[in-house]
Amino acid sequence: MPLQLYNSLSRRLEAFEPLVPGRVGMYVCGPTVYAEPHLGHARGPIVFDVLRRWLERQGLSVRYVTNVTDVGHLTDDGDAEDKLAKRAKLERIEPMEVAEKYFWAYFDAMDRLGVRRPSIVPRATGHVIEQIELIETLLEHGLAYVSNESVYFDVSSWSAYGELSGRDPAELVEGTRVEVRSDKRDPRDFALWKRADAEHLMRWRSPWGEGFPGWHIECSVMSTKYLGDEFDIHGGGLDLVFPHHECELAQARGAGKPFARFWLHWNMLTLGGEKMSKSKGHVVDLFPLFERIDPMVVRFHLLRSHYRSLSDFADEALQASAAGLRRLRSAYASWPSHAGTGTPAEAWSEARRRFAAALDNDLNTPEAIAVLFDVARDANRARDSGDLGCAAAARALFDELLVGILGIEAASGEGDHAELLGAVVGLLLEQREAARKRRDFAAADAIRERLGTFDVVVEDTPDGPRWRRLD
Ligand SMILES: [Zn+2]
């Protein structure tokens, strides 16, 4: 079965075929870099990192673009200040210092979460000329107007407006806050370019006077600049569908660009059932979280729910994920890396097929993880019954799928110790068997007793000695 993805634009599952055979262009809306990275930043990059690895696994070459917003993202509290500029005033530094500081904080956090760096990370401030060019095209097409040195997109002139979010443009009027002293003709219109007031810090010269670009225009510009006028996948959080993505689509298509073919949206995170929201101060910052929880557990936890469902970060849920990952890791650590003779290559072909079917079904990572739990259980049984070839093949399968595709490190520090312990105890038990064979029971008992002092209990069974460690 080919890869099926849920396309928000058509509102159904569609078989994914790249526009250009062998290549995939993917654009994901990135962060506005004005504050510490938080949990809300983590889900999208992790989901798209898995999608990217899965596409590459099919032999496709992926160009993955994530933008960074360092200008134009306005606060929505009436006075509409630029988020970066506001922070710069607060910290008494340059807006670009704010951007630089939180840009790297964001990517440091993504590194810890095992998210591979994008192919290109364009910044809005580095593409002001291109944004002005697109605005000029929209003006030429009669889809925008200049008002008091600002430029607005004329929603009433674009009948397709609302096609992505499914909103009826006529009904949108009522939902829009009427602004005092607005330069807009219609409250639904959105800014492409804003005139800079005297105290505004970030400003560029334009055909309409000194100002700065609106927030939505950067994504229409930077995605098509690096991926072409038409490209494969556009991603973002569900909260971006409207207005951000609706505006992106209107700007791009209004300028004659077919734009993204697939729109993928990940759902929001909750904290004990309540929606996490930066604006309400209800967020969990990543670096303090990493001090008490392995970032891999955070990644594992996020992948345990489907990207289109809500994911909750209550402590119990997170602890359950930590325990689950520990189980997978300790199983992995107990399997030999080399089986010696006769590794059955096809041992896990059914598991591999089920894993692929799960990911091909709109990236169903919880189902893919369930397959790995089945493998862990069966491989532990194989190990206990002495089928080390089968267990070694499971280890190779985990390297391929858990590590390679889901991006979760299989060996924790703890796991490494467990592996070493297994090898050392195995060696001692061989010595004990040799002692018993030459009827040197004193030596055999001594080994057993010494192991006991380290809480390692040895039991003799008809299949030979078994050992376990007391908790
Ligand atoms: Zn965007």
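The values are calculated or read from the model by the stated rules, or taken from the named source; none is laboratory data. The structure presented is a predicted model; accordingly, all values stated were derived computationally and were not measured. Note that we place each Cβ from the backbone using ideal geometry, even for glycine, and neighbour counts take in every protein chain shown.
The selection criterion, being assigned by TED's automatic domain parsing to the domain that holds Arg261 and over 27 Å from Glu81 (Cβ atoms), holds for Val50. Apart from one condition, Ser305 fits all of (1) outside the structural domain of Ala105 (by TED's automatic domain parsing); (2) farther than 25 Å from Glu14 by Cα; the exception is (2). Of all residues in region 224-245, those satisfying the criterion of being within 10 Å of the ligand (Cβ to nearest atom) and closer than 19 Å to Arg123 by Cβ are His234, Gly235, Gly236, Leu240, His244. A single member of Leu164, Leu139 is on the phi < 0 side of the Ramachandran plot and surrounded by 20 or more Cβ atoms within 10 Å (Cβ to Cβ), and it is Leu164. Of all residues in region 228-275, those being assigned to a strand (DSSP E or B) and either modelled with pLDDT of 95 or more or not charged (D, E, K, R) (or both) number 19.
Matching residues to (1) farther than 21 Å from Ala322 by Cα; (2) exposed (fewer than 13 other Cβ atoms within 10 Å of the Cβ):
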{"residue": "Glu350", "(1), (2)": "yes, yes"}
{"residue": "Ala358", "(1), (2)": "yes, no"}
{"residue": "Asn361", "(1), (2)": "yes, no"}
{"residue": "Ser412", "(1), (2)": "no, no"}
{"residue": "Leu421", "(1), (2)": "yes, no"}
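Among the residues examined, Glu248 does not qualify as away from the ligand (no atom under 13 Å from the Cβ) and within 21 Å of Ile129 (Cα to Cα). Consider Arg299 carefully, then state whether it is buried (at least 17 other Cβ atoms within 10 Å of the Cβ) and out of contact with any Leu (no Cβ under 8 Å at 6 or more places or on another chain). No: the conditions fail for Arg299. Among the numbered conditions (1) among the hydrophobic types (A, V, I, L, M, F, W, C); (2) in contact with a Gly (Cβ under 8 Å, 6 or more places away or on another chain); (3) within 11 Å of the ligand (Cβ to nearest atom), the only one that Val221 does not meet is (2). When you scan region 330-416 for helices (runs of 4 or more DSSP H) that lie fully inside it, which ones turn up with 1 or more residues that are modelled with pLDDT under 95, over 16 Å from Trp54 (Cβ atoms) and aliphatic (A, V, I, L, M)? Once the helices (runs of 4 or more DSSP H) in region 330-416 are filtered for at least 1 residues that are modelled with pLDDT under 95, over 16 Å from Trp54 (Cβ atoms) and aliphatic (A, V, I, L, M), what remains is 365-384, 388-398.
Within the group Ala252, Ala196, which residue is out of contact with any Ser or Thr (no Cβ under 7 Å at 6 or more places or on another chain), in the same structural domain as Glu136 (by TED's automatic domain parsing) and in contact (Cβ under 8 Å) with a residue 12 or more places away in the chain? Spell out the reasoning first.
Numbers: Ala252 fails: out of contact with any Ser or Thr (no Cβ under 7 Å at 6 or more places or on another chain).
Sole residue among the options that is out of contact with any Ser or Thr (no Cβ under 7 Å at 6 or more places or on another chain), in the same structural domain as Glu136 (by TED's automatic domain parsing) and in contact (Cβ under 8 Å) with a residue 12 or more places away in the chain: Ala196.
Scanning region 254-274 for residues that are surrounded by fewer than 18 Cβ atoms within 10 Å (Cβ to Cβ) and not hydrophobic (A, V, I, L, M, F, W, C) yields Gly256, Pro258, Asn267, Thr270, Gly272, Gly273, Glu274. Touching a helix residue (DSSP H, G or I) at 6+ places or on another chain (Cβ under 7 Å) and in a loop (DSSP other than H, G, I, E, B), is that true of Gly162? Here the answer is yes, as Gly162 does meet what is asked.
Looking only at region 201-215, which residues are more than 16 Å from the ligand (Cβ to nearest atom) and part of a loop (DSSP other than H, G, I, E, B)? Result: Leu201, Met202, Arg203, Arg205, Ser206, Pro207, Trp208, Gly209, Glu210. Would you be able to say whether some residue in region 341-352 is under 24 Å from Trp104 (Cα atoms) and of a type in the set (S, T, N, Q)? Taking every residue of region 341-352 in turn, none turns out to be under 24 Å from Trp104 (Cα atoms) and of a type in the set (S, T, N, Q).
Checked against (1) touching a helix residue (DSSP H, G or I) at 6+ places or on another chain (Cβ under 6 Å); (2) surrounded by fewer than 17 Cβ atoms within 10 Å (Cβ to Cβ), Ala444 meets all criteria but (2).
Residue-wise test of (1) surrounded by fewer than 16 Cβ atoms within 10 Å (Cβ to Cβ); (2) among the acidic types (Asp, Glu); (3) assigned to a helix (DSSP H, G or I).
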residue: Asp49; (1), (2), (3): no, yes, yes
residue: Tyr64; (1), (2), (3): no, no, no
residue: Val71; (1), (2), (3): no, no, no
residue: Ala99; (1), (2), (3): no, no, yes
residue: Trp104; (1), (2), (3): yes, no, yes
residue: Met110; (1), (2), (3): no, no, yes
residue: Gly126; (1), (2), (3): yes, no, yes
residue: Ile129; (1), (2), (3): yes, no, yes
residue: Ile132; (1), (2), (3): no, no, yes
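When Arg292 is tested against (1) exposed (fewer than 15 other Cβ atoms within 10 Å of the Cβ); (2) within 13 Å of the ligand (Cβ to nearest atom), exactly one condition is not met: (2).
Would you be able to tell me the number of residues in region 2-50 that are out of contact with any strand residue (DSSP E or B) (no Cβ under 8 Å at 6 or more places or on another chain), more than 16 Å from the ligand (Cβ to nearest atom) and not β-branched (Val, Ile, Thr)? Going through region 2-50 one residue at a time, the tally reaches 7. Pairing each residue of region 58-78 that is more than 16 Å from the ligand (Cβ to nearest atom) with any residue that is among the small types (Gly, Ala, Ser) and at pLDDT 70 or above, provided the two are 6+ apart or on different chains, yields C-beta distances under 6 Å for Arg63/Gly25; Arg63/Ser119. Given the criteria β-branched (Val, Ile, Thr), in the same structural domain as Pro213 (by TED's automatic domain parsing) and at pLDDT below 95, does Thr32 qualify? It is true that Thr32 is β-branched (Val, Ile, Thr), in the same structural domain as Pro213 (by TED's automatic domain parsing) and at pLDDT below 95. Going residue by residue through region 216-225, is there one that turns out to be in contact with a strand residue (DSSP E or B) (Cβ under 9 Å, 6 or more places away or on another chain), in the same structural domain as Pro45 (by TED's automatic domain parsing), part of a loop (DSSP other than H, G, I, E, B) and surrounded by 22 or more Cβ atoms within 10 Å (Cβ to Cβ)? Yes, because at least one residue in region 216-225 is in contact with a strand residue (DSSP E or B) (Cβ under 9 Å, 6 or more places away or on another chain), in the same structural domain as Pro45 (by TED's automatic domain parsing), part of a loop (DSSP other than H, G, I, E, B) and surrounded by 22 or more Cβ atoms within 10 Å (Cβ to Cβ).
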